[in-house]
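Structure, as structure tokens:
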Amino acid sequence: MINITFPDGSVRSYEQGVTGLQIAESISPALARDVIACGVNGETIELNRPIMEDSKIALYKWDDEQGKHAFWHTSAHLLAEALQELYPGIQFGFGPAIENGFFYDVLLPNGESIKEGDFDKIEAKMKELAGKKEPVVRKEVAKADALKEFAAAGQTYKCEHIEQDLEDGSITTYTQGAFTDLCKGPHLLNTGAIKAIKLTSVAGAFWRGDATREQMQRLYGISFPKKKMLDEYLVMIEEAKKRDHRKIGKEMELFMFSEKVGKGLPIWLPKGTELRLRLQDHLRKVQTRFGYKEVITPHIGNKHLYITSGHYAHYGKDSFRPITTPEEGEEYMLKPMNCPHHCEVFGWKPRSYKDLPLRLAEFGTVYRYEQSGELHGLTRVRSFTQDDAHIFCRPDQVKQEFLNVMDIINIVLTAFGFNFEAQISLRDPNDHEKYVGTDEDWALAEKAIVEACKEKGLPAKVEYGEAAFYGPKLDFMIKDAIGRRWQLGTIQVDYNLPKRFQLEYTDEDNTKKTPVMIHRAPFGSMERFCAVLIEHTAGHFPLWLTPDQVAILPISEKYNDYAAEVAKYFDSVGVRATIDARNEKIGRKVRDNELKRIPYMLIVGEKEQADGTVAVRPQGGGEQSVMSMADFAKKINDECAEMTKEF
């Protein structure tokens with residue numbers, strides 16, 4: 001018999017070799033019908049894999065990320081199976097599950113290509129195969145046998161993957177029907193659960209992301225266990241298109257991209273810059289209350305700085321190439337992260353235990369090399385600004401500092417109406433090699449995070465294998481107005497970087513000690529946060545934040561001078577106003593300014609000029625009124641004060 005521990009801490013005994021499905025059946029038939037995959041000691045596996053030792057188990061349904069991942073992973077294989085039948089001689093690259101759905105990279109023979117017009121027949125074939133409820137069979141294979149099997153099938157890219165990436169004794173294949181793929185899993189037990197399928201797009205993708213290699217086609221799709229879910233998803237996608245931050249950002253003149261400047265390098269226009277600066281001011285006010293000191297560090301750093309920190313070894317491929325100084329033979333890199341610079345700030349002079357905690361904050365711009373095909377508006381860029389801070393503290397201060405950061409993130413995110421949940425990201429228990437630091441330090445760091453969440457009463461899901469290479473972290477996930485999840489703020493406990501930089505302080509007993517470092521970023525990055533905020537609000541920002549609170553619309557050019565007088569008064573009392581002085585009809589001005597999402601439009605003409613008033617028209621055409629300039633300004637400022645009183 002073996003003991004199985006459930007997420008609630010309860011323990012049940014089962015015969016050795018019991019499967020996740022059998023465990024679900026022992027609890028209830030309804031659970032057995034709904035369960036998709038199971039987690040065993042942090043690893044997600046199929047429901048028919050035998051469990052041979054005492055284990056911690058989690059049973060995943062569709063609503064769980066792990067459940068969706070297994071569902072979409074099998075759907076990717078189903079897509080490949082359909083393509084194999086429809087396009088003899090097709091070559092397969094990689095085909096994973098992704099955050100929303102799945103994709104498969106393929107190359108058709110003889111220069112053929114798949115077009116959107118082909119989607120219907122591919123979807124039909126996938127549904128036909130799914131209806132057969134084909135079992136998905138896992139098999140462990142030797143490297144030589146895998147090479148032989150995929151060479152016989154003419155799969156050139158699979159053979160290259162086996163030769164270059166896979167080790168003997170670690171290779172598994174999954175077969176459904178006539179299709180076999182290299183894969184680690186996990187998968188569904190059979191294809192029958194896949195009831196609704198939609199191919200969403202096709203794009204180019206270089207093999208292995210290498211622009212010197214063959215360009216394949218990447219087919220994206222999504223699937224669901226019920227047609228109703230697909231219908232709801234398609235409605236959400238249409239709404240998402242309307243909220244696309246790239247479209248709204250252009251309409252509101254917030255940011256731009258220029259091919260001449262370079263891909264993935266956003267340029268913030270005046271109105272977008274105002275938005276960003278207000279966000280930064282919001283966080284500055286909060287973190288000043290919590291004792292942070294702001295610093296500014298260079299945009300480049302010596303390559304040895306990142307070798308010392310360990311970032312070069314772990315993230316070197318994601319960095320821009322070093323800049324060489326021929327005269328001195330030195331190498332510099334565009335700054336990929338701020339933490340090594342902040343370690344140097346800590347170490348520039350002797351520190352005492354009385355100096356701790358030392359909280360250093362920076363709105364620091366960093367640079368990461370992203371493949372051009374992965375760039376996406378502000379959410380995936382090559383240059384972005386982190387609202388970064390690093391806290392250097394004594395071990396006995398870690399928990400309280402962590403709790404304080406949780407308070408900051410709560411203040412910052414709730415100001416925008418976000419509901420959020422947390423994810424504790426820990427080491428992969430089966431692969432400690434990819435992390436730096438001692439097991440003892442990791443245990444201390446992970447304990448501090450778990451205890452802080454319990455103390456705050458913050459429900460947090462534990463994810464193994466999602467920690468940073470130097471320490472565990474707590475990530476904050478928000479849901480936007482249409483139900484999409486985004487990862488924004490993060491807190492990370494780090495016992496390793498201070499050791500690598502040989503940081504120390506003199507303790508109360510006059511001995512030298514190494515500080516603990518806490519990394520934190522409530523927004524995450526200004527670019528990504530702004531993108532999420534734009535899509536969450538559809539550009540209708542809170543009144544205190546929006547770049548233009550008021551658009552003044554003169555009925556004709558005769559009243560432009562009065563409009564300027566109104567704008568000047570508003571400026572003097574802190575109300576942000578813009579004038580639409582174009583020689584256009586008032587209806588056109590209203591429509592155009594509605595598109596810019598300005599909360600209030602003030603129409604001014606002969607009567608308003610004579611009375612010193614403004615005709616107030618709220619965004620969206622709500623109840624209209626006529627007010628004095630002073631009364632309207634007070635209304636705006638009172639609304640903003642009420643919104644911001646909590647922070």
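The values are calculated or read from the model by the stated rules, or taken from the named source; none is laboratory data. From a predicted model like this one, the values you see are computed outputs, not experimental measurements. No Cβ is skipped: glycine too gets one built from the backbone with ideal geometry, and neighbour counts run over all protein chains shown. Ligands, DNA and RNA are excluded from the accessible area calculation, which covers all protein heavy atoms including side chains. Shrake-Rupley method; radii C 1.70, N 1.55, O 1.52, S 1.80 Å.
A few remarks follow.
- Residues within the stretch 339-380 that are farther than 29 Å from I98 by Cβ and out of contact with any Cys (no Cβ under 9 Å at 6 or more places or on another chain), tallied: 21
- Residue, farthest from E294 (Cα to Cα), within the stretch 320-338, restricted to residues that are open to solvent by less than 40 Å² (accessible area, probe 1.4 Å) and either in contact (Cβ under 8 Å) with a residue 24 or more places away in the chain or hydrophobic (A, V, I, L, M, F, W, C) (or both): M333
- In the stretch 195-213, the condition of being touching a Pro at 6+ places or on another chain (Cβ under 8 Å) and in contact (Cβ under 8 Å) with a residue 12 or more places away in the chain is met by at least one residue.
- Condition met for N430 (under 18 Å from the mean Cα position of the chain (by Cα) and open to solvent by 40 Å² or more (accessible area, probe 1.4 Å)): no
- Within the stretch 474-489, considering residues that are of a type in the set (D, E, K, R) and within 17 Å of L378 (Cβ to Cβ), the one most open to solvent (accessible area, probe 1.4 Å): R484
- Selected residue (only one of V136, V141 is among the β-branched types (V, I, T) and over 32 Å from the mean Cα position of the chain (by Cα)): V141
- Residue count, the stretch 509-554 (criterion: among the β-branched types (V, I, T), buried (at least 21 other Cβ atoms within 10 Å of the Cβ) and under 29 Å from R582 (Cβ atoms)): 4
- Where a residue in the stretch 49-73 is under 19 Å from V462 (Cβ atoms) and its partner, wherever it lies, is open to solvent by 50 Å² or more (accessible area, probe 1.4 Å), with Cβ under 6 Å and at least six apart: D54/N3; S55/N41; K56/N41; A58/P7; K61/D34; G67/K61
- Selection status of K242, outside any loop (DSSP other than H, G, I, E, B), modelled with pLDDT of 95 or more, open to solvent by 40 Å² or more (accessible area, probe 1.4 Å) and not β-branched (V, I, T): no
- Yes/no for K132 being open to solvent by 10 Å² or more (accessible area, probe 1.4 Å), assigned to a loop (DSSP other than H, G, I, E, B) and of a type in the set (K, R): yes
Condition check ((1) closer than 28 Å to L108 by Cβ; (2) not basic (K, R)) across all residues:
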site	(1), (2)
G154	yes, yes
Q176	yes, yes
K198	yes, no
M216	yes, yes
D231	no, yes
V235	no, yes
E238	no, yes
R246	no, no
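- Residues that are farther than 24 Å from E46 by Cα and not small (G, A, S), drawn from the stretch 151-178: Q155, T156, Y157, C159, E160, E163, Q164
- Residue within the stretch 535-554 that is small (G, A, S) and under 17 Å from the mean Cα position of the chain (by Cα) present: no
- Output for the stretch 387-399, where each listed residue is open to solvent by 30 Å² or more (accessible area, probe 1.4 Å) and either small (G, A, S) or touching a helix residue (DSSP H, G or I) at 6+ places or on another chain (Cβ under 9 Å) (or both): R394, P395, K399
- Looking across the stretch 490-507, not a single residue is more than 30 Å from E421 (Cβ to Cβ), open to solvent by less than 10 Å² (accessible area, probe 1.4 Å) and acidic (D, E).
- For the criterion of being assigned to a strand (DSSP E or B), surrounded by fewer than 19 Cβ atoms within 10 Å (Cβ to Cβ) and not charged (D, E, K, R), S223 fails.
- I408 satisfies every condition listed in (1) more than 20 Å from the chain's Cα centre (by Cα); (2) surrounded by 15 or more Cβ atoms within 10 Å (Cβ to Cβ); (3) not aromatic (F, W, Y) except (1).
- Taking strands (runs of 3 or more DSSP E) as the structural unit, those lying wholly within the stretch 555-647 and holding at least 2 residues that are without any contact (Cβ under 8 Å) to a residue 40 or more places away in the chain and exposed (fewer than 15 other Cβ atoms within 10 Å of the Cβ) correspond to 625-628.
- Number of positions in the stretch 102-150 that are among the basic types (K, R) and touching a Ser or Thr at 6+ places or on another chain (Cβ under 8 Å): 4
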